[in-house]
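Below is one structure, written out as structure tokens; comments come after it.
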């Protein structure tokens, strides 16, 4: 590689391996790998980074000096949460709410379960609380929903409570009072009392206030957010700072960044680090938006099929919908997250046949990477989708993961025969294709359901398919859905990582409110409403700017985009409306805001003509803003279109492939040798070290000038 | 098809298996050798040698008698006390304690938790051999003793377990 300008280094520290993706300004990638070094993450990080820079023969220190961004994401904090090895917490809540940690939300007892398990209550169980009931104390106090003090906070109870908690050696204290998002006075008061007790006892433990972490209505989610931040992020932060120190030692001049669940970058000193804990599938959506802009489409359905799951999301007219109350490790949180659906369907998904009814089902269990599919010969005993693919000749036994693993086709065939084909009484190949078709059908119906909730015609969308197993199954899961185009990428397996490198510095702030705008609202009251909205937006604006400036950004570079979560009064769900102006200067501006809501509502649902204006009125439940600082993004290389016939060196011969109940002689191509303009006719298989693209007979694939692969179904 | 070892099934019976493992077993299709492994473990715990055909309660089993008349299917308590042929209600041969006055009711349902003895009584069935509480039923006063369960053993063995049950000598 000559002339390379390293731009972004993305690090993903998993449980066993630390992956590095180095992206240069021209959009080239280098991928490095090294074992994760628990306890000394910086070592694994440097080793992995060196592995990537070596690929391009770059000097590591010089690369670090030139890099604009280092983006670190890891599963450390999530593991702390899952393994329940976090801080020893104490909790103070409004008296009478002490059992909230035990009761949780009903759906927490089955969240993440398969459909049959959801139906069978015997499998339901609440997650273990992060703080045991014995370390929860109640304080008599009450603020009502308008923020007025109904019962003052009983400080002596707070003092006694904190003393008792200190006797139990707590390492952090959380305070969560009812309606503190409207009026945080009592949380402050209890906090002050706690500080005095801590000072008297000469103890230093951090105090977490629920209204500071996320001043949003819904007590349980706010409580969970507060507890998770206190419980799991401290160790993670130390780890991040350690890795940053190592990068700085090697000349990296900036602060290290992490990825937030709503697709923004934040400095590792970011005060609400739990927002980085659901960032897994975010990259794909950001990447899709970026590539979509490049190729001129603003509506994209993304589909990411990996080893264990199939993640689907939508970018509709340039907007990515936000899920405001996602679930993390079976806790409901108040945390805006880029909305994605996920089903248990991937290459490692285990195929099962009920011995009595012969009903076939897939997953949701996955063989994971250990023991992996049977064909990987690492101890897997249950047949998986990857085994079906291998048996049907769709995977290359000698080039799986770039040849790092030799696939044992015979063994896969034997297990498939014994556990699936024989019980069903069919031929082993027919069984294999049946299973794969079942997976593709599930994937397709999940895409259908996401389209129908967006209220947009599928023909307005492009489908992007990526992830290690995406291109392997895209032909069927996208067939007949009527997309205006279907795309995949040579770097499909690294698309999510690539997407992460396209993120901007983006922080989202919001505050719960309860503002009603009715048909009868007087001009004076509408003025009052405008004043209230503007006041909150101004406060959030100032806060957001100061936070980004503290992270080292120029105040001038910050752009703030206010939004309102709105509904027709009386409804239960709201939609996020982008404000027509940063400030509602006049009464007309307020009308423009409600109009923007109606337009959006009609796009998603159906026309509710003048329902808000004449009848129900509107309610604003939350006001917020996204504060963004643009970051340089990698560019994809644009090359002139060449001949339709690929260069001979891309040709790898042929292989027999089972498709549509028959064997075909498929042409083999090497993905990295293909060039813009090439057209591949099925039956063909395009191989890449990390992914395989299958093109059945009758279909074809065309490479455009960005080397993006466009999949075209035959009739 | 999943299959679990003897120790796992034993821990499952005793409720000592970690929740995650228990749940994963519940979510799978039933392991096809479970029944006989289960029976083996129960057999280790009872004081008699007659082979267990089917457990019908926490301490009650339908067994095939080794003594005379050989092969007769009788209900036995784990202590080996015999309740007679499985087609007849074993409860009729148990010691029965009926809770139908306020004092006795208050022992288990004190105060406002109590029930009206004119409308309901609780019958406790106790093994005459070892005094273990074998079963409890709630019924209206005067209602005949409930016959809980008359299994179709032949069909169960043949169609579900894939084995013929040795014939019972008449």
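I need the full set of residues from region A:122-164 which are farther than 18 Å from residue A:96 by Cβ, away from chain B (no Cβ under 14 Å), in contact with a helix residue (DSSP H, G or I) (Cβ under 9 Å, 6 or more places away or on another chain) and part of a loop (DSSP other than H, G, I, E, B), in order please. So that I can check it myself, show each step before the final result.
Initially, region A:122-164 is screened for residues farther than 18 Å from residue A:96 by Cβ, giving A:122-128, A:130, A:132, A:146-148, A:159, A:162-163.
From what is left, the residues that are away from chain B (no Cβ under 14 Å) are A:130, A:132, A:146-148, A:159, A:162-163.
Restricting the remaining residues to those that are in contact with a helix residue (DSSP H, G or I) (Cβ under 9 Å, 6 or more places away or on another chain) gives A:130, A:132, A:147, A:159, A:162-163.
Within region A:122-164, A:130, A:132, A:147 qualify.
Residue B:141: more than 25 Å from the chain's Cα centre (by Cα) and over 16 Å from residue B:84 (Cβ atoms), yes or no? Even if it seems obvious, please write down each step before you answer.
Numbers: more than 25 Å from the chain's Cα centre (by Cα): no; over 16 Å from residue B:84 (Cβ atoms): yes.
Criteria not met by residue B:141.
Before we move on, is residue B:34 within 14 Å of chain A (Cβ to nearest Cβ) and out of contact with any strand residue (DSSP E or B) (no Cβ under 9 Å at 6 or more places or on another chain)? Outline the logic, then answer.
On the way: within 14 Å of chain A (Cβ to nearest Cβ): yes; out of contact with any strand residue (DSSP E or B) (no Cβ under 9 Å at 6 or more places or on another chain): yes.
So residue B:34 passes the test.
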message: If residue B:98 meets every condition in (1) surrounded by fewer than 14 Cβ atoms within 10 Å (Cβ to Cβ); (2) touching a helix residue (DSSP H, G or I) at 6+ places or on another chain (Cβ under 9 Å); (3) within 30 Å of residue B:37 (Cβ to Cβ) apart from one, which number is that one?
response: (3)
- prompt: Is there any pair linking a residue in region A:516-531 that is in the same structural domain as residue A:620 (by TED's automatic domain parsing) to one that is in a helix (DSSP H, G or I) and at pLDDT below 90, with Cβ under 7 Å and at least six apart or on different chains, and which?
  reply: A:519/A:613; A:519/A:614; A:519/A:615
- prompt: Can you name the residue in region B:17-29 that is farther than 16 Å from residue A:114 by Cβ and out of contact with any helix residue (DSSP H, G or I) (no Cβ under 8 Å at 6 or more places or on another chain) and is also nearest to the other protein chains (Cβ to nearest Cβ) among such residues?
  reply: B:19
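Could you check, for region A:331-351, whether at least one of its residues is within 14 Å of chain B (Cβ to nearest Cβ) and touching a residue at least 60 places away in the same chain (Cβ under 8 Å)? Step through it out loud before you land on a result.
Of the residues in region A:331-351, the ones within 14 Å of chain B (Cβ to nearest Cβ) are A:344, A:350-351.
Subsequent filtering for residues that are touching a residue at least 60 places away in the same chain (Cβ under 8 Å) retains A:344, A:351.
Looking through region A:331-351, at least one residue is within 14 Å of chain B (Cβ to nearest Cβ) and touching a residue at least 60 places away in the same chain (Cβ under 8 Å).
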- request: Would you confirm whether any residue within region A:169-189 is under 11 Å from residue A:92 (Cβ atoms), without any contact (Cβ under 8 Å) to a residue 40 or more places away in the chain, assigned to a helix (DSSP H, G or I) and touching a strand residue (DSSP E or B) at 6+ places or on another chain (Cβ under 8 Å)?
  value: yes
- prompt: If you take the residues in region A:653-677 that are in a strand (DSSP E or B) and in contact with a helix residue (DSSP H, G or I) (Cβ under 9 Å, 6 or more places away or on another chain), which one is farthest from residue A:24 (Cα to Cα)?
  reply: A:663
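Can you find a residue in region A:211-230 that is in a helix (DSSP H, G or I) and farther than 29 Å from residue A:331 by Cα?
Looking for residues that are in a helix (DSSP H, G or I) and farther than 29 Å from residue A:331 by Cα, one finds none in region A:211-230, hence no.
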message: Please go through region A:74-103 and give me each residue that is touching a helix residue (DSSP H, G or I) at 6+ places or on another chain (Cβ under 7 Å) and under 30 Å from residue A:40 (Cβ atoms), ordered by number.
response: A:76, A:77, A:80, A:81, A:86, A:87, A:89
message: Just checking, does region A:391-399 include any residue being modelled with pLDDT under 90, within 14 Å of chain B (Cβ to nearest Cβ), in contact with a strand residue (DSSP E or B) (Cβ under 6 Å, 6 or more places away or on another chain) and more than 30 Å from residue A:321 (Cβ to Cβ)?
response: no
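Could you list, in sequence order, all residues of region A:198-210 that are surrounded by fewer than 19 Cβ atoms within 10 Å (Cβ to Cβ) and in a helix (DSSP H, G or I)?
Selection gives A:198, A:199, A:200.
One residue is enough: does region A:418-428 have a residue meeting the conditions closer than 21 Å to residue A:306 by Cβ, away from chain B (no Cβ under 14 Å) and without any contact (Cβ under 8 Å) to a residue 40 or more places away in the chain?
Narrowing region A:418-428 to residues closer than 21 Å to residue A:306 by Cβ: none.
No, region A:418-428 contains no residue that is closer than 21 Å to residue A:306 by Cβ, away from chain B (no Cβ under 14 Å) and without any contact (Cβ under 8 Å) to a residue 40 or more places away in the chain.
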task: Would you please name the residue that is farthest from the other protein chains (Cβ to nearest Cβ), looking only at residues in region A:107-121 that are more than 30 Å from residue A:168 (Cβ to Cβ) and assigned to a helix (DSSP H, G or I)?
output: A:107
- line: Of (1) within 14 Å of another protein chain (Cβ to nearest Cβ); (2) farther than 22 Å from residue A:381 by Cβ, residue B:70 satisfies every one except (1)
statement: When (1) away from chain A (no Cβ under 14 Å); (2) under 30 Å from residue A:127 (Cβ atoms); (3) part of a loop (DSSP other than H, G, I, E, B) are applied to residue B:50, the one that fails is (2)
message: Here are the criteria: (1) under 30 Å from residue A:433 (Cβ atoms); (2) touching a residue at least 60 places away in the same chain (Cβ under 8 Å); (3) surrounded by 15 or more Cβ atoms within 10 Å (Cβ to Cβ). Tell me which single one residue A:618 does not satisfy.
response: (1)
task: Go over the candidates A:641, A:623, A:693 one by one and state the one that is in contact with a helix residue (DSSP H, G or I) (Cβ under 8 Å, 6 or more places away or on another chain) and either assigned to a loop (DSSP other than H, G, I, E, B) or closer than 30 Å to residue A:579 by Cβ (or both).
output: A:623
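The values are calculated or read from the model by the stated rules, or taken from the named source; none is laboratory data. If you're wondering where the values come from, they're calculated on a predicted model, not measured in any experiment. We place every Cβ from the backbone using ideal geometry, glycine too, and count neighbours over all the protein chains shown.
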